[in-house]
Amino acid sequence: MPARAFDAHVRQRQPRVAVIDLEGEINAFAEATLSAAYAEAEQHEPKAILLNFSQVDYINSTGIALIVTLLAKARKAHINLLTCGLSEHYVEIFNITRLADFMSVYPDEATALSAPAAEADA
Amino acid sequence: MAQLLDVIRQRMPRMRAQTAQIDKPTSRRVRPQPTPVDIAPDDPLVAYFLDTPGAVELDRLKLDSPALRELKAAGVAIAVPLVSQGELVGVLNLGPRMSQQDYSSDDRGLLNTLASQAAPAVRVAQLVRQQQIETRERERIEQELRVARLIQQTLLPKELPEMPGWSLAAYYQPARAVGGDFYDFLPFSDGRLGIVIGDVTDKGVPAALVMATTRSILRTAAQEGQAAPGDVLARANDLLFPDIPPRMFVTCLYGILNPHTGALVYANAGHDLPHQRQEGGAVELRATGMPLGLMPGMSYEERETILAPGDSVLFYSDGLVEAHNPAGDMFGFPRLMTLMSDWTDSTPLIERMLNELASFTGAGWEQEDDVTLVALQREKLACAPVTLADDEASEDGWQSLTAFQTPSAPGNEREVIAKLESALAPLNLPHKRVEQLKTAVAEATMNAMEHGSHYEADRPVDILVRANPASVSVRIRDMGGDQEIPEAHTPDIEAKLAELQTPRGWGLFLIKSLVDDMRVTSDGVYHTVELIINREGEHHASQSL
């Protein structure tokens, strides 16, 4: 089975919230695209960046490492990194890895954007 | 009566008559000194004796016969052929009568009677003597063959080396006149295996002695696997050349197998080319080089082949390919190639070859030369693919759901978990359990491909999925059995976020967090991780190990 290509698009949803729509598989092949998308989102100096996982069907441990890298960058830049659209299984993975302790996990984009983490400083 | 001189005894290769000096009446009696007279089988005298039975006075005989002249010169006056069953078995030769008178008809009658009685006795004596000589010769040859067999069988390997993931088989059947076939295995301390097969020209003890010498030289030259096959053969050739008897030489193939990678590096000193059975057919393993012992300073081409899982190599001696059937046809290389191409491992390779040889040569075949076969096979899978219906696959109630292999390449874990999901479908496990197992298996497969197989395409990962009423088990096997497996630690996310640690290092932690049991085994070649989840109840993934 060929690896499904990974893609990421940045949207500006609120004045200071950028949404990155992730699509495909988050593994080693996703690194460059994900990193570029994050850099693009960061250009607008957002207070929060929302990672939308609703179109992601696979994250492996290398993908977890990529998200840890983004989270470290965001924390350094005082940007809230938020997530939405994770499947029940990957919510569990975020809990196991304690990523969920450092980035808020929301079921969908609307909930995430209306949450205090996205609005507080927006 | 004239002095009886003697009786010729042997006819072959030339008939020999014995005669003696004749005493003079006045002289002191002297013991007769027989002078042998040879009679060639084609001498006209032989035909004359056979056609004309009875005593012959040689003076009256007019024949252009060298034997006749010789007999006359030796003083033979009368010759009495000894004929038995139409064969001239000897001649009774007599000199002149001591009275100097001619032989009378009574004398000749007496001699003829004597000859008719003596001839069968002489023939019997000849046969007995001939049989004794033949028996002694047979015993000598048998004794020599026993010694040759003893030398060979003493030096052939008593046991086959055991290598996990590989099977090795050998067959050696000496011909009645033992040839100089040999094979040898050299297990090296790093796990590699040296394989030798050879054939000394000539037969019997000389061949066995050269075989023994060659074997020792090769063992020394191999230097615990440090020397490359081509160098080993070159060194063996130079050591053997000064001492090998004239017109003798040794064909020999030497290869070193790395059981971890399946790589077989080999060089060939004029031996029959091994055949490799691989997916899609069979190929000859070619490498050029002169036989050992013919001339010094030779170099030997070195080649490498990879045995993929399921591949086999047959090493053999010319006793197989040069066997003849009753019509005089040779077994031959094309037949061997076809057999190798068509072979399926339902019958062991050597058994298959021997069956074919037996049916080719037919019953009552007298083996012309030693037949030596060495078969090397890389096993397909740790666990053969089986189905739910296959009761033989069950072990303590375990039933195989699927078994397959995946090449070691980044991203291939996705294919593995897709197959896993299909295999688990009939079990109707809770979705969450399936997802947990999928992630754990994906991580274990990635580790196997990366750390066990170094993403080398020829080092695939084997997967076996089994179930019993209580549990589901997935075995992931790679070829990194010689490597240390790191302990699973709970990653320190704070340190990672502070960029004090690498962001990676989640795989093993995730696996252990998502399954109910994880068992790791290693046999020196293979490294197997078995992941087990319980089918009943819910696994609560933990955040600590």
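Any read-out appearing in this document is the output of simple, stated calculations on the displayed coordinates, not a laboratory observation. Because the structure is a prediction, the values reported are computed rather than measured. Note that we place each Cβ from the backbone using ideal geometry, even for glycine, and neighbour counts take in every protein chain shown.
Less than 5 angstrom separates the built amide H of residue B:55 from those of B:112, all sequence-distant by 5 or more or on a different chain.
Rank the residues A:102, B:249 as a footprinting-exposure proxy: fewest other Cβ atoms within 10 Å of their Cβ go first.
A:102, B:249
The number of Lys pairs in chain B with C-alpha atoms less than 18 Å apart, excluding pairs fewer than 8 positions apart on the same chain, is 6. Membrane-span-like helices in chain A, defined purely by DSSP H runs whose alpha carbon atoms cover 15 Å or more axially and whose average Kyte-Doolittle hydropathy reaches -1.0, are A:31-43, A:61-76. As a proxy for reagent exposure, B:231, B:329 were ordered by neighbouring Cβ count within 10 angstrom, fewest first; the result is B:329, B:231.
Taking all C-alpha pairs of chain B, those more than 33 Å from each other amount to 63 percent.
From the alpha carbon centroid of the range B:99-135 to that of the range B:342-373 is 56 Å. Considering every alpha-carbon pair of the protein assembly as shown, the percent of pairs per 10 Å bin, from zero through the bin containing the longest distance, is 3, 12, 15, 12, 11, 11, 10, 7, 5, 4, 4, 3, 3, 2, 1, 0. Residue by residue along A:51-63, Cβ atoms of other protein chains within 10 Å of the local Cβ number 3 on average.
Does the range A:17-119 come out rounded, prolate or oblate by the C-alpha gyration tensor, with a ≥ b ≥ c the root eigenvalues, rounded set by a/c under 1.5 and, if not, prolate when a/b is larger than b/c and oblate if not? The shape class here is rounded. Annotation: amide H of residue B:311 within the under-5 Å range of B:378, sequence separation 5 or more or interchain, hydrogens built in the peptide plane.
Of B:506, B:343, B:365, the sequence from fewest to most neighbouring Cβ atoms within 10 angstrom is B:365, B:343, B:506.
For residue A:109, the shell of other residues with beta-carbons less than 13 Å away shows a net charge of 0, using +1 for Lys and Arg and -1 for Asp and Glu. Enter the angle in degrees (range 0 to 90, nearest 10) between the Cα long axis of helix B:204-221 and the first principal axis of the Cα atoms of chain B, meaning the one along which they spread out most. With both axes taken from Cα atoms, the answer is about 30 degrees. Database remark: amide H of residue B:289 closer than 5 angstrom to the amide H of B:270 (H placed geometrically; neighbours at sequence offset of 5 or more, or on other chains; Pro and chain starts carry no H).
Counting alpha carbon pairs within less than 8 Å and at least 6 residues apart, what relative contact order, in whole percent, applies to the range A:17-119?
About 29 percent, as a whole number.
Within 10 Å of the Cβ of each residue in A:67-80, the mean number of Cβ atoms contributed by other protein chains is 3.
Axis angle, to the nearest 10 degrees, between helix B:431-447 and the longest C-alpha principal axis of chain B: 50 degrees.
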